[in-house]
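A.B. asks: Below are the structure tokens for one structure; questions will follow.
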Amino acid sequence: MLIRLQKIISDAGITSRRAAEELITAGKVRVNKVVVTKLGAKADLEKDVITVNGRTIKPTQKKIYIMMHKPVGYVTTMKDPQGRAVVTDLLKGVRERVYPVGRLDYDSSGLLLFTNDGETANKLAHPRHKVSKRYKVKIKGKLTGVELRKLRSGDPKLGFFAPVEVYVDTALPKNTWLVITIAQGKNRQVRRMCESVGHDVLKLIRESYGELTLGALKPGEFRHLTQHEMRYLKGV
């Protein structure tokens, strides 16, 4: 059966569909030894030989879903040109090739999902599904009532809209702990939200992704999702 190349690549656990499109346009994908750069191109895994960066791919039979408590000091990519540690370095004992769903920046920690299920990964990342993500955020200084209302109202001019929820968890003499829930997931959105009201983020922890929560996972630890959790992800 003919299927779009980017879907074949993502379903095989090579990378996400969006990243697969970039590989195709960059000339990194060959079908029967011929370079293909057109995004609409299709192929048949049963009949065609498809290679990505010289690696022949086959459909992934077993779908893997993993939750990690990402620690600070790791980048959420498969490889880093700067030589920094990447999150997949922590997946000791996982033989299947999986890739992260979405991102958590280098200085952030918390819940990060991995899978080789390209269909589910793309669905989770798509804005229309509005999967909520809850963050525990420590900001510098004390948050005023006016600043809290500004955070709750959002700022489309700065690229983010009203969050699902914002409230003060703990007010300390010099810092403030907030709980912020968003449904968008723009690049560095939570940090930009706090900076927009004049407060730098000192610590950021993603506590939940939809109905999934970190639970007892410590930084650097990971586990496979339960059957119930997998059904939830596929039903988002």
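The values are calculated or read from the model by the stated rules, or taken from the named source; none is laboratory data. Being a predicted model, the structure only gives us computed values, none of them experimental. Note: ideal-geometry Cβ built from the backbone for every residue, glycine included; neighbour counts use all protein chains shown.
A.B. asks: Return the only residue of 110, 154, 118 being at pLDDT 85 or above and among the small types (Gly, Ala, Ser).
C.D. replies: Numbers: 154 fails: at pLDDT 85 or above; 118 fails: at pLDDT 85 or above.
Within the list 110, 154, 118, the selection yields 110.
A.B. asks: Would you be able to say whether some residue in segment 108-121 is more than 19 Å from residue 16 (Cβ to Cβ), of a type outside the set (S, T, N, Q) and either under 19 Å from the mean Cα position of the chain (by Cα) or not assigned by TED's automatic domain parsing to the domain that holds residue 200 (or both)?
C.D. replies: So far as segment 108-121 goes, yes, one or more of its residues are more than 19 Å from residue 16 (Cβ to Cβ), of a type outside the set (S, T, N, Q) and either under 19 Å from the mean Cα position of the chain (by Cα) or not assigned by TED's automatic domain parsing to the domain that holds residue 200 (or both).
A.B. asks: Is it true that some residue in segment 200-207 is surrounded by fewer than 16 Cβ atoms within 10 Å (Cβ to Cβ), without any contact (Cβ under 8 Å) to a residue 60 or more places away in the chain and outside any loop (DSSP other than H, G, I, E, B)?
C.D. replies: no
A.B. asks: For residue 222, which of the numbered conditions (1) surrounded by 15 or more Cβ atoms within 10 Å (Cβ to Cβ); (2) of a type outside the set (A, V, I, L, M); (3) not assigned by TED's automatic domain parsing to the domain that holds residue 111 fails to hold?
C.D. replies: Of the numbered conditions (1) surrounded by 15 or more Cβ atoms within 10 Å (Cβ to Cβ); (2) of a type outside the set (A, V, I, L, M); (3) not assigned by TED's automatic domain parsing to the domain that holds residue 111, the odd one out for residue 222 is (3).
A.B. asks: Condition test on residue 37, is it under 27 Å from residue 102 (Cα atoms) and touching a residue at least 60 places away in the same chain (Cβ under 8 Å)? Show your work before the answer.
C.D. replies: Numbers: under 27 Å from residue 102 (Cα atoms): yes; touching a residue at least 60 places away in the same chain (Cβ under 8 Å): no.
Criteria not met by residue 37.
A.B. asks: Here's something else I'd like to know. Would you check which residues across segment 211-231 are within 17 Å of the chain's Cα centre (by Cα) and without any contact (Cβ under 8 Å) to a residue 24 or more places away in the chain and list them?
C.D. replies: The answer is 211, and nothing else.
A.B. asks: Being in the same structural domain as residue 71 (by TED's automatic domain parsing) and among the hydrophobic types (A, V, I, L, M, F, W, C) is the requirement here; does residue 217 meet it?
C.D. replies: Numbers: in the same structural domain as residue 71 (by TED's automatic domain parsing): yes; among the hydrophobic types (A, V, I, L, M, F, W, C): yes.
Considered against the rule, which asks whether it is in the same structural domain as residue 71 (by TED's automatic domain parsing) and among the hydrophobic types (A, V, I, L, M, F, W, C), residue 217 comes out as yes.
A.B. asks: Among the residues of segment 202-213, is there at least one that is under 19 Å from residue 76 (Cα atoms), touching a Lys or Arg at 6+ places or on another chain (Cβ under 8 Å), modelled with pLDDT of 85 or more and of a type in the set (Lys, Arg)?
C.D. replies: For segment 202-213, residues under 19 Å from residue 76 (Cα atoms), touching a Lys or Arg at 6+ places or on another chain (Cβ under 8 Å), modelled with pLDDT of 85 or more and of a type in the set (Lys, Arg): present.
A.B. asks: Further, regarding this structure: Without any contact (Cβ under 8 Å) to a residue 60 or more places away in the chain and either of a type in the set (Ser, Thr, Tyr) or more than 30 Å from residue 201 (Cβ to Cβ) (or both): is that true of residue 79 in this structure? Before you say what the answer is, go through the steps one by one.
C.D. replies: Numbers: without any contact (Cβ under 8 Å) to a residue 60 or more places away in the chain: yes; either of a type in the set (Ser, Thr, Tyr) or more than 30 Å from residue 201 (Cβ to Cβ) (or both): no.
Answer is no for this residue.
A.B. asks: Residues that are under 26 Å from the mean Cα position of the chain (by Cα), free of Cβ contacts under 8 Å to residues at least 40 places away in the same chain and farther than 12 Å from residue 9 by Cα: does segment 41-60 have at least one?
C.D. replies: No: segment 41-60 contains no residue that is under 26 Å from the mean Cα position of the chain (by Cα), free of Cβ contacts under 8 Å to residues at least 40 places away in the same chain and farther than 12 Å from residue 9 by Cα.
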